Amino acid sequence: GRPVGAWGEASAFSLSKHVGAKAGGMLALADPGLREAVEETCAGLLAPRRAGAELAYLVRPYAEATVRGLRLRRAAWAAIRLLGLADREEIRMPLRPDELALAARETPGLDAHHPWVRVDMHDYRMEAGRLRLRRIGHKLDRLDDVLDACRAGTELLLSTPWAKPRDAHGTQPLFRVPLFVADRDAAVAALARRGIVVGYLYDPPLDDYAGAEFTDPSPAPEAARWFARHALPVDPLRARTVAEVLERSGARPVPAPGEGELPGSRPTPGGPVQSRD
């Protein structure tokens, strides 16, 4: 019953994720009086737009569709690595803790942490041009249709044997729905054979990955590790296909903590999968 963006001092909404615009987002501020200062700060952080980057943004969806259609993902990743654009081999990038600790001791600001923030999106600080803004606007116009489709896909996924019951608050994820399978690697491989790439597999959990120096340790580490090990984040827009693939592959649901796999606190059922940004 509370509007999106009504929690905390500021809330972020990614247009890359929720409408597939591959750029842009919204920042909702609890104090509207801060808007002008935030706009000025943002303008000071942006780099001038480049025609080449705008053109690459325009053709990117068609290139990605070609890669998917021709099953050239491995070749594409190899090319990205050769061009020096790959910051990670797995879901999590190398932490480089010594460098990160040094950056944290510097004056707070984006420049010191740029090597970590830029992952997967090296032009994130570039000012948007007309092509980018036009696509963002076009995608945003379809937001209601996308959310309706996401709700329908979420309902389907939550009705499958791999979903956990909703919690008492009726949590309903929309960006990715976590299903829980005993052998996630096998499930990921089965989906890959159908051209569905599973992302956002944040295993190990953040506090295991980064340690107490950079994060607040989890109060229930075993439950968090169970979630990270078994959660299969599914795009609700691909819900029917994913459910069919998992059924045909014989994927088995995994018992939740407290049902036989490990002791400890039970994670929030149906909780959202952590996204990078």
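The values are calculated or read from the model by the stated rules, or taken from the named source; none is laboratory data. None of these values were measured; they are calculated from a predicted model. Virtual Cβ from ideal backbone geometry, glycine too; neighbours counted across all protein chains shown. Heavy atoms of the whole protein, side chains included, go into the accessibility calculation; ligands, DNA and RNA do not. Shrake-Rupley method; radii C 1.70, N 1.55, O 1.52, S 1.80 Å.
Given the condition in a helix (DSSP H, G or I), outside the structural domain of Ala210 (by the TED database), surrounded by fewer than 15 Cβ atoms within 10 Å (Cβ to Cβ) and over 20 Å from the mean Cα position of the chain (by Cα), answer yes or no: does some residue in region 114-122 qualify?
no
What's the total number of residues in region 26-52 that are open to solvent by less than 50 Å² (accessible area, probe 1.4 Å) and touching a residue at least 40 places away in the same chain (Cβ under 8 Å)?
1
Yes or no, residue by residue, for (1) out of contact with any Gly (no Cβ under 7 Å at 6 or more places or on another chain); (2) closer than 13 Å to Gly20 by Cα; (3) open to solvent by 60 Å² or more (accessible area, probe 1.4 Å); (4) in the same structural domain as Tyr200 (by the TED database):
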position	(1), (2), (3), (4)
Arg105	yes, no, yes, no
Gly129	yes, no, no, no
Arg135	yes, yes, no, no
Ala149	yes, no, no, yes
Ala152	yes, no, yes, yes
Trp162	yes, no, no, yes
Phe175	yes, yes, no, yes
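Output the residues belonging to region 218-248 that are at pLDDT 90 or above and open to solvent by 60 Å² or more (accessible area, probe 1.4 Å).
Glu222, Arg225, Arg229, Leu237, Arg238, Arg240, Glu244, Glu247, Arg248
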